Amino acid sequence: MPQDSVIEPGVNRPSVTPLDIVRVLVLLAALATLALWGFATWPLPWNIVVGIGTPVVVLIVWALVLSSRPVLRLHPFLRAFVELLIYVGVTLAWWSMGSAWIGIAFAVVAIAAGVIAGRRSLG
């Protein structure tokens, strides 16, 4: 039996936009890329540390600064700079693995989504 969504007074549910979905997919692609880069390009004892540690650090930075409810409230331009650093790191990871075109494609999609989201938050 399907349940109808009932609107409850006092409960605010955020609306999910296609931009939010793209930003989540960009974050997941960044985390997967950094894990792949860590496991594939480093020698054995370090590949486990870098393959697990790098995505965890990026996820913590994302949660602290760039999430929808960040712990640290930064100026929007500083937030954009942190987001850009993550995207540059992922793009360089693709380049170091010999897939420059994938890195460029990731950078274009990620920066476009970040710019659109940033413009929406300012406006």
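The values are calculated or read from the model by the stated rules, or taken from the named source; none is laboratory data. Keep in mind it's a predicted model, so treat the numbers as computed, not measured. No Cβ is skipped: glycine too gets one built from the backbone with ideal geometry, and neighbour counts run over all protein chains shown.
Here are the numbers for the structure shown:
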item: Residue list for the stretch 4-31, restricted to those being among the charged types (D, E, K, R) and either part of a helix (DSSP H, G or I) or under 23 Å from L66 (Cα atoms) (or both); result: R13, D20, R23
item: Residue check for A63: out of contact with any Lys or Arg (no Cβ under 6 Å at 6 or more places or on another chain), at pLDDT 85 or above and over 20 Å from M97 (Cβ atoms); result: yes
item: Filter result for A100 (of a type outside the set (D, E, K, R) and touching a Lys or Arg at 6+ places or on another chain (Cβ under 9 Å)); result: no
